[in-house]
Amino acid sequence: MKCQKCGKNNADTHIKRVVNGQFEEHHLCSECAAEMGYTNVFDSFSHSFADDFNSLFGSFFENALPARTQATRCETCGASYNDITRTGMMGCADCYKVFADQIMPTIRRIHGNTTHCGKNSPASKAQPAEKAPAQNTKSELDVLKEKLDSAIKNQEFEQAAELRDKIREMEGE
Amino acid sequence: MSNVVMQTRIRLARNLRKYPFPCRLSQAGKNEVVETIVSAIKNSNSPLANDFDVLYVKDLTEAQRISLVEAHLASPEFISDSAGRAIVLSKDREMSIMINEEDHIRLQILKKGFDLDGAYDVADKLDTLLDENLDFAYDEKLGYLTQCPTNLGTGMRASVMLHLPALQRSKAVSRIAGNLQKLGLTIRGTYGEGSEPQGAMYQLSNQVTLGISEQAAIDNLKNITAQLINQEENAQKRMADSIETQDRIARSLGILKSARLISRDEAMDLLSNVRFGINTGLIEDVEIQVIDKLISDIQPATMIVNKKENLTPSQRDQLRAEHIREVLR
């Protein structure tokens with residue numbers, strides 16, 4: 001999807017917000033998102049536009065904003081997305097689901113990745129034990145493939161060749 | 001065996017699914033989390049079960065709190081607030097669990113020397129045993145869920161404490177630091193955040209926790225650590241040939257053996273020089289373990305706790321000098 005603002009770059013930032021009682025949704029490229037004040041929404045934990053908006057007018061508009069209820073607060077812990085950007089802290093495990101769309105770009109910026117690979121919580125017992133290693137390999141493979149894509153994009157061909165060999169090796173297993 | 005790595009630490013961040021993260025947890029909720037975790041430890045099959053102390057931050061004196069940080073058992077963040085916080089420690093202090101720091105559980109394994117695999121092995125087992133009695137917040141895609149997204153995934157921070165006097169002196173550390181970032185690692189001073197940390201002691205740790213397995217992160221850290229050890233040892237050998245270095249090291253030992261008053265800062269610098277001297281064979285009659293023990297013993301709050309009485313800064317300087325003279329005699 002192209003950025004809704006400039007129409008040129010790919011949209012990689014999904015913004016949902018409520019302004020003056022209206023729910024808005026934007027798909028923007030990172031540059032246009034930055035122009036709108038969504039630069040470091042999360043990674044530097046700086047004040048975002050939404051924050052300023054809230055601190056300036058929040059209390060004033062509180063009653064006029066019926067949309068800011070279930071949609072923008074985590075039901076489990078009561079955290080809003082503003083709480084999260086302001087503090088840099090998630091409120092509870094469920095916040096990761098409720099605010100998934102908003103925080104994924106941040107998680108990707110921090111880790112260069114959004115898929116866990118490593119130890120499985122043994123208590124996620126719902127999952128049969130022998131299935132676990134297979135899943136591990138799969139996510140590791142996905143990670144390598146993602147890295148390969150970005151290496152090619154960045155013209156890091158030596159690294160790409162190495163990654164390709166690793167992927168072949170793993171797929172051949 | 002290289003002496004460049006002074007200690008190894010593995011830290012795992014875990015949270016209980018049932019409770020909000022500490023930043024949105026009530027006082028009563030925090031107390032419940034403490035009790036739940038402590039009883040899970042008691043009922044676990046882990047080596048920690050029969051052999052641990054629980055310290056409630058609210059019951060500790062200021063000096064006791066700070067001494068935990070000096071001993072690398074607690075973070076400054078942890079002791080900044082006492083409400084609903086506790087730390088579980090094994091008797092030998094190798095295993096520790098901070099409860100309600102940034103996450104409900106911050107499990108740490110601390111080992112002397114360079115032993116990432118050994119430390120992870122203990123951490124992994126302890127984590128698995130705790131998991132049997134506690135329901136951890138875990139997501140198939142994102143891994144272990146943590147209060148701060150920077151710890152998502154494995155929740156693991158592996159770190160080594162490095163003594164890099166020669167690389168510090170040749171100004172190489174800042175150049176290296178820039179390159180490390182690209183490799184997903186970070187290096188910072190152990191004591192003091194400045195560009196030239198006290199005693200030339202640095203903490204090297206992994207930064208990325210999502211999309212990289214524990215083993216891969218540890219292997220990466222091991223690799224880079226081995227390279228740094230190599231560079232440091234080569235630089236030490238080169239420097240040890242100069243008469244200026246030899247003079248500096250011999251004088252440092254001389255001062256430590258005869259001073260009547262010594263501040264922590266001065267002692268740290270001199271102990272660092274002596275450590276360098278032992279490593280390069282310029283000093284032969286002092287064991288490196290003795291120096292490492294002194295480095296932890298002379299920290300201000302640790303001294304107060306060991307002495308069991310309050311000390312003014314000048315009393316501390318006197319006691320510190322006495323203690324060092326005694327040990328090095």
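Values as computed for the structure displayed
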quantity	calculated
Checking residue B:190 against (1) at positive phi; (2) modelled with pLDDT under 95, the condition it does not meet	(1)
Filtered residue count, the stretch B:178-187, keeping only those that are modelled with pLDDT of 85 or more and open to solvent by 10 Å² or more (accessible area, probe 1.4 Å)	5
2 or more residues within 29 Å of residue B:313 (Cβ to Cβ): qualifying helices (runs of 4 or more DSSP H) within the stretch B:203-284	B:243-258, B:264-279
Elements of type helices (runs of 4 or more DSSP H) in the stretch A:83-173, at least 3 residues being at pLDDT below 75 and more than 12 Å from chain B (Cβ to nearest Cβ)	A:131-153, A:157-172
Among residues of the stretch B:153-187, those that are closer than 19 Å to residue A:88 by Cβ and under 21 Å from the mean Cα position of the chain (by Cα), counted	3
Some residue of the stretch B:26-40 being crowded, with 16+ Cβ neighbours inside 10 Å and not in a helix (DSSP H, G or I)	no
Long-range neighbours under 7 Å by Cβ, at least six apart or interchain, first residue not assigned by TED's automatic domain parsing to the domain that holds residue B:112 within the stretch B:285-296, second in a loop (DSSP other than H, G, I, E, B)	B:288/B:3; B:296/B:71
Matching option when the condition is surrounded by fewer than 17 Cβ atoms within 10 Å (Cβ to Cβ) and basic (Lys, Arg), among B:264, B:275, B:238	B:238
Residue among B:127, B:117, B:121, B:131 that alone is within 14 Å of another protein chain (Cβ to nearest Cβ) and open to solvent by 10 Å² or more (accessible area, probe 1.4 Å)	B:121
Failed condition for residue B:49, given (1) crowded, with 20+ Cβ neighbours inside 10 Å; (2) in contact with a helix residue (DSSP H, G or I) (Cβ under 7 Å, 6 or more places away or on another chain)	(1)
Meets criteria (over 30 Å from residue A:141 (Cβ atoms) and more than 14 Å from chain A (Cβ to nearest Cβ)) for residue B:250	yes
Residue B:306 being open to solvent by 30 Å² or more (accessible area, probe 1.4 Å), closer than 28 Å to residue B:179 by Cβ and part of a helix (DSSP H, G or I)	no
Counted residues, the stretch B:134-172 - those being more than 9 Å from chain A (Cβ to nearest Cβ) and in a helix (DSSP H, G or I)	7
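The values are calculated or read from the model by the stated rules, or taken from the named source; none is laboratory data. Predicted model only: the values in this text are computed from it and were never measured. Heads up, the Cβs are rebuilt from the backbone with ideal geometry, glycines too, and the neighbour counts pull from every protein chain shown. Just the protein is used for accessible areas: all its heavy atoms, side chains included, with ligands, DNA and RNA removed. Shrake-Rupley method; radii C 1.70, N 1.55, O 1.52, S 1.80 Å.
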